[in-house]
């Protein structure tokens, strides 16, 4: 390959991720791009991110199509260096002229740092959303009026090469606000707009500096006059596959196949993780019904005093769980098998408490790092923050892959219990069922109480039933007598 051609490979994504799905290209062949300009959206098993370019120049080739799964280390995009003879005036022009942004030593240095880290497989630059540094090294996008596009058809018929009128960048690359710099919106918001045929150019953002938020797109979707755009490539492919499958007949059942859905992204990661958990962990389950009346009454009393600063029930239970894990640390470990067959149980000086969160992209498990040192109020704030970033697809691999124990509140789905699958490579998971009125014996008399079911799934290799039952009983007792438990923590 010519030394004038720069090939950017899909970077190391970190956290053991070896592939990513190409959701959407933000540039096209022939586009002039600058260092740190977003070139593509990719979705990993952890989150959706924009990939910034470490090079400036002319886009020569895109190595992949929307919906395709790409391996880390494989070519993503080929870029002709700015200022080289590529046969077009745009390619021969300096990068600063094509982008409308003055090149500077600081930008060059930032780009070189980016390239060095990418080659070293640090994983820092992709998940970190761009190159490090100050204002000159941050993400930049060209202004609309400064983008030069070459009329390729004119070149092919040997007419004098001409520079066409400035064109607008695709709506999916960002939203332009008159008189302002581009307001970059989240990939999930852009995807929502694409899927519903909503033009971002027609939306006035309600966020800071006109930033387009999810609520703005939802409002446009619900409006009767919402414009309808052409379906994106990925959607068209899905429709084509579904149509083809509709005429097929399943050989085993004799029924017509209505659809075939590829397993990828978060669903693929969940499937692999659950399969590994079931195949490797000899799990056992213990459960107990718990009278949560006192906990509900305590929280109601706190809410009267501080209506806007009272932790949720899950935060209180999380506090009881971290205290219980300090007392029964065997459940806050990891079981490892070395290449030579030797095995060991790895303990941790601290607790990263994971909690299951249902999102549009599937079930994810963000974790509260160093949860053992937090109060119920601090746990509540971090659980709410992590839930929000997970549902927006903005949670980092570290936030989604560093837990040591998982708390699963499946009661929100209206069920009492579950034979949960342990979140590999952890060794235990505590599930909390719905809280409902049940007949309960109190001081020898029948009463109606608020009752929930706690279910603990644990790896029998790291502890016996006595340890698991002791931990479960500790958490149950804390829920039934929250005032005394919190006083001792």
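Has region 409-427 got at least one residue that is free of Cβ contacts under 8 Å to residues at least 12 places away in the same chain, outside any helix (DSSP H, G or I) and under 19 Å from residue 288 (Cα atoms)?
No, that holds for no residue.
Looking only at region 436-455, decide whether some residue is assigned to a loop (DSSP other than H, G, I, E, B) and touching a residue at least 60 places away in the same chain (Cβ under 8 Å).
Within region 436-455 (the criterion being assigned to a loop (DSSP other than H, G, I, E, B) and touching a residue at least 60 places away in the same chain (Cβ under 8 Å)), the answer is no, since none of the residues qualifies.
Listed here are the residues, each with its yes/no results for (1) in a loop (DSSP other than H, G, I, E, B); (2) in contact with a strand residue (DSSP E or B) (Cβ under 8 Å, 6 or more places away or on another chain); (3) at pLDDT below 75.
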site	(1), (2), (3)
234	no, yes, yes
240	no, no, yes
243	no, no, yes
252	yes, no, no
268	no, no, no
284	no, yes, no
289	no, yes, no
296	no, yes, no
304	no, no, no
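A quick yes/no check of all residues on (1) modelled with pLDDT under 85; (2) closer than 20 Å to residue 399 by Cα; (3) out of contact with any helix residue (DSSP H, G or I) (no Cβ under 7 Å at 6 or more places or on another chain); (4) surrounded by 21 or more Cβ atoms within 10 Å (Cβ to Cβ):
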site: 5; (1), (2), (3), (4): no, no, yes, no
site: 18; (1), (2), (3), (4): yes, yes, yes, no
site: 42; (1), (2), (3), (4): yes, yes, yes, yes
site: 48; (1), (2), (3), (4): yes, yes, no, yes
site: 54; (1), (2), (3), (4): no, no, no, yes
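What number of residues within region 385-421 satisfy the criterion of being over 21 Å from the mean Cα position of the chain (by Cα) and closer than 20 Å to residue 44 by Cβ?
Result for region 385-421: 0.
How about region 56-75: which of its residues are in a strand (DSSP E or B) and either within 21 Å of residue 398 (Cα to Cα) or at pLDDT below 90 (or both)? Talk me through it step by step, then tell me what you get.
So the first thing to find is which residues in region 56-75 are in a strand (DSSP E or B), and the list is 57-62, 69-71, 75.
Across region 56-75, the qualifying residues are 69, 70, 71.
Given the condition assigned to a helix (DSSP H, G or I) and either at pLDDT below 90 or over 15 Å from the mean Cα position of the chain (by Cα) (or both), answer yes or no: does some residue in region 358-369 qualify?
Applying the first criterion (assigned to a helix (DSSP H, G or I)) to region 358-369 yields none.
Checked region 358-369: no residue is assigned to a helix (DSSP H, G or I) and either at pLDDT below 90 or over 15 Å from the mean Cα position of the chain (by Cα) (or both).
So for region 296-304 (the condition being closer than 27 Å to residue 464 by Cβ and in contact (Cβ under 8 Å) with a residue 12 or more places away in the chain), does at least one residue qualify? Before you say what the answer is, go through the steps one by one.
From region 296-304, those closer than 27 Å to residue 464 by Cβ are none; that's our starting set.
No, region 296-304 contains no residue that is closer than 27 Å to residue 464 by Cβ and in contact (Cβ under 8 Å) with a residue 12 or more places away in the chain.
Kindly indicate whether residue 323 is outside any strand (DSSP E or B), touching a helix residue (DSSP H, G or I) at 6+ places or on another chain (Cβ under 6 Å) and either surrounded by 14 or more Cβ atoms within 10 Å (Cβ to Cβ) or not assigned by TED's automatic domain parsing to the domain that holds residue 464 (or both).
Numbers: outside any strand (DSSP E or B): yes; touching a helix residue (DSSP H, G or I) at 6+ places or on another chain (Cβ under 6 Å): no; either surrounded by 14 or more Cβ atoms within 10 Å (Cβ to Cβ) or not assigned by TED's automatic domain parsing to the domain that holds residue 464 (or both): yes.
Judged against the criteria, residue 323 is not a match.
Of all residues in region 383-403 being in contact with a helix residue (DSSP H, G or I) (Cβ under 8 Å, 6 or more places away or on another chain) and either in a helix (DSSP H, G or I) or at pLDDT 90 or above (or both), which is surrounded by the fewest Cβ atoms within 10 Å (Cβ to Cβ)?
Ranking the qualifying residues of region 383-403, first place goes to 389.
Residue check, residue 282 against (1) touching a residue at least 24 places away in the same chain (Cβ under 8 Å); (2) loosely packed, with under 15 Cβ neighbours inside 10 Å; (3) within 26 Å of the chain's Cα centre (by Cα), all met but one. Which one?
Unmet condition: (3).
Quick check, is residue 469 touching a strand residue (DSSP E or B) at 6+ places or on another chain (Cβ under 7 Å) and either in a helix (DSSP H, G or I) or on the phi < 0 side of the Ramachandran plot (or both)?
Details: touching a strand residue (DSSP E or B) at 6+ places or on another chain (Cβ under 7 Å): yes; either in a helix (DSSP H, G or I) or on the phi < 0 side of the Ramachandran plot (or both): yes.
Answer is yes for this residue.
When region 460-480 is examined, which residues are found to be more than 34 Å from the chain's Cα centre (by Cα), in contact (Cβ under 8 Å) with a residue 24 or more places away in the chain and closer than 13 Å to residue 328 by Cβ?
465, 467, 469, 470, 473
The values are calculated or read from the model by the stated rules, or taken from the named source; none is laboratory data. As the structure is a computational prediction, the values presented were derived from the model and not from experiment. Positions of Cβ are backbone-derived with ideal geometry, glycine not excepted, and every protein chain shown enters the neighbour counts.
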